[in-house]
């Protein structure tokens, strides 16, 4: 079997298909890169891991410069991920760019979490990268992670509130009063709501609640649309 010719043809056909049928190019990318990853995995078993570098040098000349060794290794990793988890590359709504952000994580529970929230929240590649950089999964309570890993029912909004919640400190001292903290939150409210989790909306601060004949004031009144 000529693995190189099969790989080259897969990539060339995909480039042609993307130019003709732009509306479905993402599905074509995922299917092509999955197939190439499979061929690379099989070729490696016959010729050793060094065959990827060999193929990349040829592909850069025969197809496009972008098909370097690093990209080919990502395709093989993508194939192995789909195979090991018994996932179809075409089931998710994510793009190849999303998977390029996810593949370095090397933790299937973490990858699964980010795949799910990327689909639920329709995250762009940049938004996904920011969540990974901010260690959103790591900040989830252990009980929440256990529910996600074991596919347990009964997850609630409060399960997904991060710990710790990161708030940018623009003051020049480390001793932050409650009043200063509230001001920092209000100055950067969109990021604070994103830190809390998905679906939070801001209603008001010092929101009055009447109990009996007296008013009490909620520091920050939020609502979750989910």
> Taking the condition closer than 26 Å to residue 105 by Cβ, over 20 Å from the mean Cα position of the chain (by Cα), free of Cβ contacts under 8 Å to residues at least 24 places away in the same chain and part of a helix (DSSP H, G or I), does residue 45 pass?
Replying inline: yes
>> Just the residues that are loosely packed, with under 14 Cβ neighbours inside 10 Å, part of a helix (DSSP H, G or I) and without any contact (Cβ under 8 Å) to a residue 40 or more places away in the chain, please, taken from the range 91-118.
In response: 104, 108, 116
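Condition check ((1) closer than 30 Å to residue 111 by Cβ; (2) at pLDDT 85 or above; (3) assigned to a loop (DSSP other than H, G, I, E, B); (4) in contact with a strand residue (DSSP E or B) (Cβ under 7 Å, 6 or more places away or on another chain)) across all residues:
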residue	(1), (2), (3), (4)
144	yes, no, no, no
148	yes, no, no, no
155	yes, no, yes, no
175	no, no, yes, no
183	no, yes, no, no
198	yes, no, yes, no
205	no, yes, no, yes
209	no, yes, no, yes
219	no, yes, no, yes
> Identify, please: which residue in the range 132-142 is modelled with pLDDT of 90 or more and outside any loop (DSSP other than H, G, I, E, B) and is, among those, nearest to the chain's Cα centre (by Cα)?
Replying inline: 132
> Being in contact (Cβ under 8 Å) with a residue 24 or more places away in the chain and under 30 Å from residue 66 (Cα atoms), is that true of even one residue in the range 160-180?
Replying inline: no
>> Could you go through the range 54-65 and let me know if any residue there is without any contact (Cβ under 8 Å) to a residue 12 or more places away in the chain, under 22 Å from residue 99 (Cα atoms) and exposed (fewer than 14 other Cβ atoms within 10 Å of the Cβ).
In response: yes
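The values are calculated or read from the model by the stated rules, or taken from the named source; none is laboratory data. Keep in mind it's a predicted model, so treat the numbers as computed, not measured. Glycine gets a Cβ as well: all are built from the backbone with ideal geometry, and neighbour counts include every protein chain shown.
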